[in-house]
Every structure is written in C-alpha cells, then in structure tokens.
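Peer 1: Sharing a structure here in structure tokens format.
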Amino acid sequence: MLPNSDLEELYQQVLLDHSRRPRNFGELTEADATEAGEKVVKVQGDNPSCGDEIVVSVKLADTGLKLADIKFTGQGCAISQASASLMTIKTKGRSRAEVEELIAAFHDLITKQTENPPDILGDLQLLQGVWRFPQRVKCATLAWRALEQALREGSAGVVTTEVEG
Amino acid sequence: MTSDSVNWAAVRADFPILHQEVRGNPLIYFDSAASSQKPRQVIDALSRYYEHDNANVHRGLHELSSRATDAFEAARNKVAKFLNAASADEIIFTRGTTEGINLVAQAYGTRYVKEGDVVLLTEMEHHSNLVPWQLLAERTGATLRFVPVLEDGTLDLSKLPELLTPEVKIFSFTHISNSLGTVNPVADLCRAARAVGAISVVDAAQSAGHLPVDVQALGCDFLALSGHKMCAPTGIGALYGRAEVLEKTPPYHGGGEMIVSVSLQKATYKEAPHRFEAGTPNIAGAVGLGAAVDYLENIGRQNIAAHDGELVRYAQQRMEADVPGIRIIGPRERSGLVGFVMESAHPHDLTTYADRYGLALRGGHHCNQPLMKKFKLPGTSRASFYFYNTKEEIDRMITILQEAARFFS
Ligand SMILES: Cc1ncc(COP(=O)(O)O)c(C=O)c1O
C-alpha cells in the first residue's frame, strides 16, 4: 500500500503524541480561583454522534480579561484530543483578545487552504491537514467551541459542533 | 449449506456502482448494513416506470393511472409473497423501518396501551425501535422495560419470565442487531409474547434482505423493513401487520387515499392496508421494491445467507489471526457484519484512514448509544457485507487494517 500524503499530513507523529499523552489534562475547580477578580468556568463539549467528549475548564483573571489557566479532560478521536491538548498550550496565560484572535485564526486554518498561516498559530499549524477532511472539522473544533463558551462566562453548559460537520 | 449454485461474479456485475475507484483505489463497499447498493435491474425498473407508466394511483380512470395502480399493487403482492404473508392486504407501504415502527406505536399503541401498561424492548435496539416507544410512554403513562444484553452480545433470555408479564402489551425487538450482528430467536420471542397476550413487533431492517423471513412461521403481529437495505431505493419500506391486528388498528395519518367518504365533520376509513396509506404514496419506490424482491428471490435468500455467512466467518478469522490489537464485539454466530475496535485507533480515525484507501466502513455508535454505553465503548468500526462482496475485498481490508495498526501506533 502506498503512503497517503493527506493522511500523513493529518496524523503527524506530534499530533498522535498529543492525543496519546494530552498536555494540561485535568480539571480546575472553584478552589483554584484564589485571587480577587478570578473565576473558574467549566464547559462540556459533546459530539454525541461521534462520541467525542471534552470538558474545558478555564481560570479567568483580571475580571475576565486574561486566561490565567486552562485544563481539559475528555475522550474521543485523535483529532479532538490533540486539538484540545494543543489549544491549552497555546492559550494558557494569554489575554482575552489574543485568545479570541487565536480562535478565529484556528478556525480559518482548518476550514480553508491557508498559504501563509499567521505566526500566532505556532504549533497549531499541526492541525492544518484537517481542511482536506471536512467531516473531521467538527472534531478539531469541539474543544475550541467549549473554550469560546467559557469566555462568555455565566452562560456555561454543554456545547456541540455536530451541526457544523 | 453452500451457495455454489450461484454465479456470484455475474451477480456482482449487476451493480454498476461497485465498479469504480475512490481516491485512486478500487471501491470496497462494506457499509451495506447502513444502505445496500442497487442492481441494474432495480435501476431499470425505476426508469421504465417513469418513462412509460407514471401517474397517480387509485384515482384516475385513464390508462396510465391504471398501469401505475397495477404496478403498485403488483409490488404489494411481491412483498407479501416475499414475507409469506397470508394476504397482500397485510402489507402497508411505508418510508422504511422507522416509519413502520412509528405507525405501530402511534396508531396501535395510542389506542391500546394505557397508563401502567408496559412496552418491552431489548437493550440492543436501534434508536428507531426505542424513541417511538419513549414517545408513546410519554403520551400514555406506560413504562418501558428492556431485555438485557449479555457480555457475548446475545439477549439474556433467562430474564424473560420476570420481564414479560401480563402488563406487557407490546414486545418489540430486532431480528438482527445492526452493531453486534446478533440474530435473535424471533419465533420463540413472538410465542412468549403471545402467551401473555402481548403483540409482537419485529424490526427486520437488517434481516429482510439477508435471510428467509416468513412472518407466519415467525408468528409475529407486525414486522417492519426498509427497502434501501435490500437493494431497493431509499424512501420505501413495508410494514407487515397480521390481518386480525390490523383490523382493529385505527388510522395513522389522515388524508386522501385512506377514506371511503368524507363530510365536513367526519370521515369513514378504508380497510387495511389503504387505511394506513394516506396521500399519494411512493409509487416508483414501491415498483423498485418489487423489482428488488424479484432480484433477491432469483438469487435465493438461502444462498444469500450462506454467502454472507462465508464472508463474515472468513473476515472474523482473518481479523483475529492477522490484525494486531483488534477486538471483535458481539457473538461468534453472527449475521453478515462485524463490529470491532482497534487498540491503537479510535473508530473515527480508522474510518477516515480506510476511506483514503477506498474502503467504506462505518464508525460510530450505529444508532445504538445505550448499547455502546453498556459495553463502555466510544463506538465501534463496522464492516458489513452483502452478497456482492468478495473474499478478495476482505483480504484488501485486512491489509488496510494492518497498515492502520502500524500507522496509528
Ligand atoms: C436494526 C435497524 N433498525 C432500524 C433501522 C432504521 O431503518 P431506516 O432508517 O431505514 O428507517 C436500521 C437502519 O439503520 C437498523 O439497522
């Protein structure tokens, strides 16, 4: 069987490594919000038809202007888990404005062919191969959708990306 | 049992869609449990109907309308014979299994199931044989009970006496599980239902096109099937209802075709099956289903079952012997499908991988979410076979699975 370049681009070793050994795996609790102006928000992302599940918990500081900490737990396909793992690394410690910029840039990266991805994406470019697999976009965006919801605070709950995919 | 009398290569040649490449590889279609492919004979029957006979049924006095009506009713006769129904009046055309089960739940269930009554199901039901009963339970205050599934993927029949009590009004179960491949002992279950005065409803979505199904021998009251899983077009199916039960079942949908006379306040309804077929039916679909029935009868469902069986045994044996880290889910004695998980790859990643090599598998929960939960699986991959598949295709699948095991580990 000949190697398939689309598959090799999609499932790079680093990505498979993130899915097997996810970084920042775990949950934050109320007790992690120790300073004034800090708040922990938890959002569940659920794609029932795929079986992908992710819980993203974030600690917002400076009354919501900064993403001080982020962790996730979950189970599912390699794309959903690696995307969540990479997302936590890239967003931790950033300002809300930067995180929002990342969310938008990441969405573009995996839904259309991008010649020169913005530098801010860094390692997230590992997921660029997803754009050739439209059915898998929902896997890559599940954690991000949960993060987006978490940034809206208060209105936490369960989110899904299945209608998109 | 062997199926040597059939020229399987010639049969395969009847399916135009199978002879194509997908992403540079020959298509291997192992997703017939989701929807089967269609032979030239069925496709031609549809074109012929639209090119020569198309009109509405039962309502025109002109030539085309009578031809369309004849073709439609001839298809009903074919389905009746296919299922060995006592009469063609016991065959209702539907959109598929899902609509057939909803018809029973809504028309029969709403009239005869009361608060405190029980609908008995099993833990291996497709969502289409679960959700309609949940809706009925909500409407009527009835409760649902479930025959458990054992570790090996078969029903725990030892629990039947305590579950199948006189409060049970309906016992609805699948003939063949679409994710486990389990073949249930339908005749025994129908007999047990009758013994407590319950009616039996059989989901034959996975069986009707794969093995001989004789409603009188099975002793069921209702049996639902989908045309698209047995070589017919999508959007057509049939519901068998035993005459005695259909007679006392009120209408399902209201509209044209199902009435005898209508005044502004009231209507009187036709006898079965027309009472259950409101509106212009899927005439072409029924014609296609009739052609599919002819096609399958010509090969013989004994032969089809034997061929499916050979393929699935071969697949199972090769998967276990030659693919590292694979686990097959479900009983050893199975219908023509195997559900499995691979240690190194999630079902969705494996399906994506296989697709790039032209292999169509299904990955996911297969509309069996409660069952997957019970087995603590995120889903499975499924290879499902039909009589147009070959051992060579299985060999290619094994190579792809072996490569995938390497790729993902
Ligand atoms: C066991 C079983 N029951 C019911 C159905 C529903 O059939 P349809 O979607 O054709 O109504 C299916 C098909 O997926 C099935 O496998």
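The values are calculated or read from the model by the stated rules, or taken from the named source; none is laboratory data. Keep in mind it's a predicted model, so treat the numbers as computed, not measured. Cβ sites come from the backbone with ideal geometry, for glycine too, and all protein chains shown count toward neighbours. Surface accessibility is based on the protein's heavy atoms, side chains included, excluding ligands, DNA and RNA. Shrake-Rupley method; radii C 1.70, N 1.55, O 1.52, S 1.80 Å.
Peer 1: Please compute, for the alpha-carbon atoms of the stretch B:43-298, the extent along each of the three principal axes and give them in descending order in Å.
Peer 2: Principal axes ranked by extent give 58, 48, 27 Å for the Cα atoms.
Peer 1: Same structure, new question: Could you pull out the trypsin sites (Lys or Arg not before Pro) across the stretch B:22-122 that fall in loop regions by DSSP (anything but H, G, I, E, B) with no more than 15 other Cβ atoms inside 10 Å? Before the final figure, lay out each step's value.
Peer 2: Values: sites: B:Arg23, B:Arg40, B:Arg48, B:Arg59, B:Arg67, B:Arg76, B:Lys78, B:Lys81, B:Arg95, B:Arg111, B:Lys114; in loops: B:Arg23, B:Arg59, B:Arg95, B:Lys114.
When the trypsin sites (Lys or Arg not before Pro) of the stretch B:22-122 are filtered for loop state and at most 15 Cβ neighbours within 10 Å, B:Arg23, B:Arg59, B:Lys114 remain.
Peer 1: So if we plug the beta-carbon distance of B:Val131 and A:Asp119 into 1/(1 + (r/R0)^6) with R0 = 45 Å, what FRET efficiency do we get, rounded to 0.05?
Peer 2: Once the sixth-power term is evaluated, E becomes 0.40.
Peer 1: In square nanometres, what is one fourth of the surface area of the convex hull spanned by the alpha carbons of the stretch B:1-73?
Peer 2: 8.2 nm²
Peer 1: Would you report the distance distribution of C-alpha pairs in chain A as whole percents per 5 angstrom bin, up to the bin with the largest distance?
Peer 2: Cα pair-distance distribution for chain A, in percent: 1, 9, 19, 22, 21, 14, 7, 3, 1, 1, 0, 0.
Peer 1: Right, something else. What average number of partner chain Cβ atoms lie no more than 10 Å from the Cβ of the residues making up B:337-350?
Peer 2: 3
Peer 1: I would also like to ask the following. Taking 0.36 nm per residue of sequence separation and subtracting the Cα-Cα distance, how much length would be gained by fully extending the chain between B:Gln302 and B:Glu73, in nm to one decimal?
Peer 2: 79.8 nm
Peer 1: Just for the Cα atoms in the stretch B:258-362, what are the lengths along the principal axes, largest first, rounded to whole Å?
Peer 2: Taking the Cα atoms of the stretch B:258-362, the three principal extents are 69, 33, 27 Å.
Peer 1: How many angstrom separate the Cα center of the stretch B:207-224 from the Cα center of the stretch B:57-117?
Peer 2: Between the Cα centres of the stretch B:207-224 and the stretch B:57-117 lies a distance of 15 Å.
Peer 1: Which whole number gives the average, over all residues in A:1-12, of C-beta atoms from other chains lying within 10 Å of the residue C-beta?
Peer 2: 4
Peer 1: Would you mind working out the magnitude of the charge dipole of the stretch B:43-298 relative to its Cα centre, with +1 at each Lys and Arg C-beta and -1 at each Asp and Glu C-beta, to the nearest 20 Debye?
Peer 2: Dipole size: approximately 580 debye.
Peer 1: OK, next. Which residues does a label at B:Ala88 reach in the stretch B:37-60, if reach means a backbone N under 14 Å from a point 7 Å past the Cα toward the Cβ?
Peer 2: The answer is B:58, whose backbone nitrogens lie closer than 14 Å to the label point.
Peer 1: May I pose another question? Could you point to the residue in B:Pro251, B:Thr110, B:Ala315 farthest towards the positive end of chain B's charge dipole, with +1 and -1 charges on the Cβ of Lys/Arg and Asp/Glu respectively?
Peer 2: B:Thr110
Peer 1: Using DSSP H assignments, which helices in chain B have an axial alpha-carbon span of 18 Å or above and a mean Kyte-Doolittle hydropathy of 0.0 or higher?
Peer 2: B:283-299
Peer 1: A plus B alone minus the pair: what accessible area, both sides summed, probe 1.4 Å, in Å² to 100?
Peer 2: Details: alone 8150 and 17110 Å², together 23570 Å².
Chain pair A/B: roughly 1700 Å² of buried accessible area.
Peer 1: Along the principal axes of its C-alpha atoms, what lengths does the stretch B:173-274 span, in descending order and rounded to whole Å?
Peer 2: Here the Cα extents, ordered largest to smallest, are 51, 37, 20 Å.
Peer 1: Right, next: Out of the stretch A:45-138, which chymotrypsin sites (Phe, Trp or Tyr not before Pro) are coil in DSSP terms and have no more than 16 other C-beta atoms within 10 Å?
Peer 2: none
Peer 1: Report, please, the projected area of the stretch B:45-142 averaged over directions, based on the convex hull of its C-alpha atoms, in nm².
Peer 2: For the Cα atoms of the stretch B:45-142, the hull's average projected area reads 8.7 nm².
Peer 1: What lysines could a cross-link reach from B:Lys78, if we take a straight Cα to Cα line under 19 Å and drop same-chain neighbours fewer than 8 places away?
Peer 2: B:Lys38, B:Lys229
Peer 1: Let me ask something additional. I'm checking a number: the convex hull volume of the Cα atoms of the protein assembly as shown, normalised per residue, in Å³. What is it?
Peer 2: Per-residue hull volume (Cα only) is 192 Å³.
Peer 1: Next question. If you filter the stretch B:360-409 for trypsin sites (Lys or Arg not before Pro), then keep DSSP loop positions with at most 14 other Cβ within 10 Å, what is left? Don't skip to the end; give the middle numbers.
Peer 2: Working: sites: B:Arg362, B:Lys373, B:Lys374, B:Lys376, B:Arg382, B:Lys391, B:Arg396, B:Arg406; in loops: B:Lys376.
Those satisfying the criteria are B:Lys376.
Peer 1: Work out Dmax and Rg for the stretch B:302-409 from the C-alpha atoms and quote the Rg first, both in angstrom.
Peer 2: In Å, with Rg to one decimal and Dmax whole: 13.3, 42.
Peer 1: State to the nearest 20 debye the size of the charge dipole of the protein assembly as shown about its Cα centre, where the only charges are +1 on K and R beta carbons and -1 on D and E beta carbons. Walk me through the intermediate numbers first.
Peer 2: On the way: 58 positive and 71 negative charges, 114 e Å.
In total the dipole reaches around 540 debye.
Peer 1: Something else about it: Could you point to the residue in B:Val57, B:Pro161, B:Ser384 farthest towards the positive end of chain B's charge dipole, with +1 and -1 charges on the Cβ of Lys/Arg and Asp/Glu respectively?
Peer 2: B:Pro161
Peer 1: Related question: Going Cα to Cα from A:Lys71, which lysines come in below 26 Å? Please leave out same-chain ones fewer than 8 positions away.
Peer 2: A:Lys39, A:Lys42, A:Lys59, A:Lys90, A:Lys92, A:Lys138, B:Lys373, B:Lys376
Peer 1: Let me ask you something else. Using just the helices of chain A, give the 222 nm mean residue ellipticity in deg cm²/dmol: DSSP H runs with n ≥ 4 each add -39,500 (n - 2.57), and the total is spread over all residues, rounded to 500.
Peer 2: -11000 deg cm²/dmol
Peer 1: Tell me the net charge near A:Ile89. Cut-off is 13 Å between Cβ atoms, A:Ile89 excluded, with +1 for each Lys or Arg and -1 for each Asp or Glu. Walk me through the numbers before you get to the answer.
Peer 2: Numbers: positive: A:Arg21, A:Arg23, A:Lys71, A:Lys90, A:Lys92, A:Arg94; negative: A:Asp17, A:Asp69, A:Asp123.
Once positives and negatives cancel, what remains is +3.
Peer 1: When the dipole is taken about the Cα centre of chain A, and only Lys, Arg (+1) and Asp, Glu (-1) are charged at their Cβ, what size is it in debye, to the nearest 20?
Peer 2: 160 debye
Peer 1: Just B:Ala232, B:Ala71, B:Ala292 to compare: in a GNM of chain B, with alpha carbon springs under 10 Å, which one fluctuates most?
Peer 2: B:Ala71
Peer 1: Spin-label point model (7 Å from Cα, Cβ direction): what's the A:Arg132 to B:Ala55 distance in nm?
Peer 2: Spacing of the two 7 Å Cα→Cβ label points: 5.6 nm.
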